[in-house]
Amino acid sequence: METIPKTQLGQALTSKENSFNGYKDISPDDPDIRAQKVKEFIEEGQTYNGAGYCSSNVSNVFVWNTNGLNSSDTATSAFLDGIFRSETSAGSSHIGNQILSDIDAQKVGQEAFSITKESQNPEDIDPGVYEVILGPDAVSTILVFLSVYGFNAKSKVDGTSPIEINVEQFDEKINLEDDPHKEGALNFKIDASGAPKKKIEIITNGIPKNYFHTRRTSNELNQSNTFHEMFGWGDSFGGLGTNLYLKPGDISKEEMISNVKKGIYINEFWYCRVLDPITQVVTGLNRNGSYLIENGKVTKPVGRLRFTQSFMSSLGQGNVLGVGSDSRFADSEFGEGILNVPMLHLKEFNFTGGVSG
């Protein structure tokens, strides 16, 4: 027994020193770095009043049970939101990434500054049906509403979904997939049942291919489970894709604008509410950057407009004139980081009035 400690001590003294210094430097995402990102954003605003918010997140989930299930996953994300205001305008921008260091705060600031500057002294225009170019945040809102109230299989069970699988319901330029394994994806690769998620096609060349299923909805509709049960939402909500990608096209923003005879550029929507789930008629407002486009050129900023529009029809056959070549993680009324989308050029979008009606 006396020789055992001596042997172990000798081995310790002759072995190489462990260079591992703990986990303290594994993530530099401390408050000072987030504050620096906001500072870089604010500096791009020059004399405008500005505000920004930066977050970085590491999320862990574990699903265990007494039947031997042992499933877990980790997801990381970082976001920067910012806004500038002048006396008569506002401009916002948003960006998301897996890693905080990859957040380009200056680029976000430059975009918000440009929108604020160009949106000053907006003019009211008559309501009506216009061509529109929708920025990524506006596109994200449309797709999130369609996801929650259409592709969520719970809405199909309840009889309120307008989506019909393998029926030509959207323009052929629309291709949407849910891919948790895509490089840069921000959300979990398992669902709340602990099952691994797979890449699935949601819309292919304008044709719906799958609902977002949970164990309950797949059983009720006698369809395959796609494993989209949400953490923390409960079984009553249904399923939702959280790693959604709208396939980009080949048209730049400048080229898209040049193709518009008379229309409106919309940076983002807000205060959107469903009026009819069956037709997906939604009403809402524009904000933080809208412009009138005439004969291929931006001519003036426009004020607040209320739209009343079927989101199904907005992406319907023949209504999608162009899909932007650049995409990014966009914000929406249901949360950030679940949709990566480009801009869209739509043939018709119905505006019914101003803020009051």
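The values are calculated or read from the model by the stated rules, or taken from the named source; none is laboratory data. These numbers were taken from a predicted model, which means no experiment stands behind them. Don't worry about glycine lacking a Cβ; one is built from the backbone with ideal geometry, like all the others, and counts go over all protein chains shown.
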For G159: the one exception among (1) at negative phi; (2) surrounded by fewer than 20 Cβ atoms within 10 Å (Cβ to Cβ): (1)
Selection status of V144, touching an Asp or Glu at 6+ places or on another chain (Cβ under 7 Å) and either crowded, with 24+ Cβ neighbours inside 10 Å or farther than 25 Å from A51 by Cα (or both): yes
All positions within the stretch 76-88 that are polar (S, T, N, Q) and within 21 Å of A330 (Cβ to Cβ): T76, S77
Only one of G337, G324, G354 that is surrounded by fewer than 17 Cβ atoms within 10 Å (Cβ to Cβ) and small (G, A, S): G354
The listed residue being over 18 Å from the mean Cα position of the chain (by Cα) and not acidic (D, E), out of F329, F307: F307
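Kindly check whether there is at least one residue in the stretch 286-293 that is among the aromatic types (F, W, Y), more than 22 Å from D171 (Cβ to Cβ) and surrounded by fewer than 20 Cβ atoms within 10 Å (Cβ to Cβ).
Narrowing the stretch 286-293 to residues among the aromatic types (F, W, Y): 291.
Filter once more, so that each one left must be more than 22 Å from D171 (Cβ to Cβ): 291.
Next, only the ones that are surrounded by fewer than 20 Cβ atoms within 10 Å (Cβ to Cβ) stay: none.
No - not one qualifying residue is present in the stretch 286-293.
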Output for the stretch 196-215, where each listed residue is surrounded by 18 or more Cβ atoms within 10 Å (Cβ to Cβ) and over 18 Å from I163 (Cβ atoms): K197
S77 vs. criteria modelled with pLDDT under 95, in a strand (DSSP E or B), crowded, with 23+ Cβ neighbours inside 10 Å and among the small types (G, A, S): no
Of all residues making up the stretch 306-321, the number that are buried (at least 22 other Cβ atoms within 10 Å of the Cβ) and either at pLDDT below 95 or polar (S, T, N, Q) (or both): 2
Where E172 falls short, out of the listed (1) surrounded by 19 or more Cβ atoms within 10 Å (Cβ to Cβ); (2) of a type in the set (D, E, K, R); (3) part of a loop (DSSP other than H, G, I, E, B): (1)
Hits in the stretch 114-139 - residues which are of a type in the set (S, T, N, Q) and either in a loop (DSSP other than H, G, I, E, B) or within 17 Å of L305 (Cα to Cα) (or both): S119, Q120, N121
Every pair of residues 6+ apart whose Cβ atoms lie under 8 Å, when the first sits in the stretch 183-202 and is free of Cβ contacts under 8 Å to residues at least 24 places away in the same chain while the second is in a loop (DSSP other than H, G, I, E, B): K199/D179; K199/P180; K199/H181; K199/K182
